[in-house]
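Asks: Below: one structure in structure tokens.
Laboratory data are not the source of any read-out in this text; all were calculated from the coordinates shown. This structure is a prediction, so every number in the text was calculated from the model and none was measured. Here Cβ is always computed from backbone atoms with ideal geometry, including for glycine, and neighbour counts include all displayed protein chains.
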Amino acid sequence: MRVGLIIYGGLKNTSGGYIYDRMLVEHLRRQGDHVEIISLPWRGYLRHLGDNISGLLRHQLFRLPLDVLLQDELNHPSLFWVNRWVKDKMSYPIVSIVHHLRCSEDRPVWENRFYRWIERLYLVSVNGFVFNSQTTARVVEGLIGSKRPAVVARPGGDRLHPRMDGARIVRRARERMPLQVIFVGNVIPRKGLALLISALGHLPRDTWRLEVVGSLTIEPAYARAIRRQITREGLADQIRLVGSIGDRELAGHLAESHVLAVPSSYEGFGIVYIEAMGFGLPVIASNVGAAPELINHGREGFLIRPGDTAGLAQHIEALHRDRDRLAQVSLSALERYREHPTWTECCQSVREFLHASIR
């Protein structure tokens, strides 16, 4: 099978969507498929719209012998009109990998109306979908008003190869030490780091520590605001900004933590949630997006309303105070991870869907 994949930049990006794309490409290549990466340069949203009238991408697609063209939905501003040309000129189907819609994110209503309009034009221009969650599938169906061929292939959680057992998790939970909270995600507003810091600031200083793992360079102004917040609230001794790290180092940090807290305003899936559960970490997340598909409130973690600082602080304080409860939800998180599909299972279901699409 000859597959094209359109993305912005390269596959080494560490965000969840790029991890999904990279794991899929690696699986397809291991199965003997040829995958051609078509990389578009990162620019501003409005400049991406101009790609639709450029002949460069069309020329590149015209010369590629493909059986199916995959597109990361993140690239929708560059493709909503190009796809009409592809359908007229080329014989292969277009399949969009949808992680979450831009118009689902928390921003002013007028702005999201504009994004919704562009995204709808894009979504109706493709032949089929790969969704990372049932939530994403429902959102897309609600926007375009009709079903198209699709597969829901939830991301695996086994990329970091966790090796945790129940006894180790219980010992870690019952250690008499401050609660080790970890945040994993690029330091951007949507991920909710400022909210987490505000919540922790309401708790006694000797009850917690926070490690922040993720890029500090994607939105430098926001990262600087986070540093100012930490200084302003007198939390410099409590919070460590680790920055971007490799998978092996990340696994080490997760193994030594007690709880993952990433209270994003929206997640189409949240790969880090299931990865953290593999290390026996209960997860605190927002109750919007797909987090409720992974987390049963009070069992594998806790779900809060977006922006609920008090609720976030309450759950962290409760886990610190009741270490038997921490051990219980940690074991439940590990059980949930073990029930979850692997990356091989996820990517194979996508591959089977692609094969069916080109028959």
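Asks: For a quick check: sort Met90, Met177 by the number of other beta carbons within 10 angstrom, fewest at the front.
Replies: Met177, Met90
Asks: Given C-alpha coordinates of the range 231-326, what is the ratio Rg to Rh with the Kirkwood estimate of Rh?
Replies: Details: Rg = 13.7 Å, Rh = 14.3 Å.
On the Cα set of the range 231-326, Rg over Rh gives 0.96.
Asks: With a 10 Å radius around each residue's Cβ, average the other Cβ atoms per peptide and rank 338-346, 231-239, highest first. List each step's numbers first, then the result.
Replies: Numbers: 338-346: 15.3, 231-239: 13.8.
Ranking, from highest mean packing down: 338-346, 231-239.
Asks: Just flag the chymotrypsin sites (Phe, Trp or Tyr not before Pro) in the range 146-245 sitting in loop per DSSP whose Cβ has no more than 11 other Cβ atoms within 10 Å.
Replies: Here no loop site has a sparse enough neighbourhood.
Asks: Please compute the alpha carbon radius of gyration of the range 103-253, then divide it by the globular-protein estimate 2.2 N^0.38 Å. Two decimals is fine.
Replies: Cα-based Rg divided by the globular estimate yields 1.36.
Asks: Here is a further query. Just order 5-12, 56-63, 21-28, 255-262 by mean Cβ neighbour count inside 10 Å, highest at the front, would you?
Replies: With the highest mean Cβ count within 10 Å placed first, the list reads 255-262, 21-28, 5-12, 56-63.
Asks: In whole angstrom, and with the biggest value first, how far do the Cα coordinates of the range 283-359 range along each principal axis?
Replies: 57, 27, 12 Å, listed from the longest principal axis down.
Asks: Using only DSSP helix segments of four residues or longer, with each worth -39500 (n - 2.57), what per-residue ellipticity at 222 nm results for the chain after dividing by its residue count and rounding to 500? The partial results should precede the final answer.
Replies: Working: 16 runs with 163 residues, N = 359.
Dividing the helical sum by the residues of the chain leaves -13500 deg cm²/dmol.
Asks: Write down the Kirkwood hydrodynamic radius of the chain, to one decimal in angstroms, obtained as one divided by the mean of 1/r over all alpha carbon pairs.
Replies: Roughly 21.3 Å, rounded to one decimal.
Asks: Separate question: Compute the distance from the alpha-carbon center of the range 151-201 to that of the range 11-69, in whole Å.
Replies: Each part reduced to its Cα centre gives a spacing of 31 Å.
Asks: Where Rh denotes the Kirkwood radius from the mean inverse Cα pair distance, what is Rg over Rh for the range 1-108?
Replies: Rg/Rh: 0.96.
Asks: Using a cut-off of 18 Å between alpha-carbon atoms, which aspartates and glutamates can reach Lys89, once sequence neighbours fewer than 8 places away in the same chain are excluded?
Replies: The reachable aspartates and glutamates, counting only those whose Cα sits under 18 Å from Lys89, are Asp51, Asp67.
Asks: Using +1 at the C-beta of Lys and Arg and -1 at the C-beta of Asp and Glu, which of Ser54, His99, Ser39 has the Cα lying farthest in the positive direction of the dipole of the chain?
Replies: Value: Ser54.
Asks: With everything on Cα atoms, drop me the angle between helix 309-321 and the longest principal axis of the chain, reported from 0 to 90° to the nearest 10.
Replies: In the chain, helix 309-321 runs at an angle near 50 degrees to the longest axis.
Asks: Could you rank the peptides 297-308, 325-336 by their average count of other C-beta atoms within 10 Å per residue, with the highest value first?
Replies: 325-336, 297-308
Asks: Over all directions, what mean area does the Cα convex hull of the range 166-339 project, stated in square nanometres? List each step's numbers first, then the result.
Replies: Values: hull surface 35.4 nm².
The Cα convex hull of the range 166-339, projected and averaged over all directions, gives 8.8 nm².
Asks: By count of other Cβ within 10 Å, fewest leading, how are Trp85, Trp42 ordered?
Replies: Trp42, Trp85
Asks: Measure off 7 Å from each Cα along the Cα-to-Cβ vector at Ile218 and Asp165, then give the distance between these two points in nanometres to one decimal.
Replies: Computed distance between label sites Ile218 and Asp165 equals 3.7 nm.
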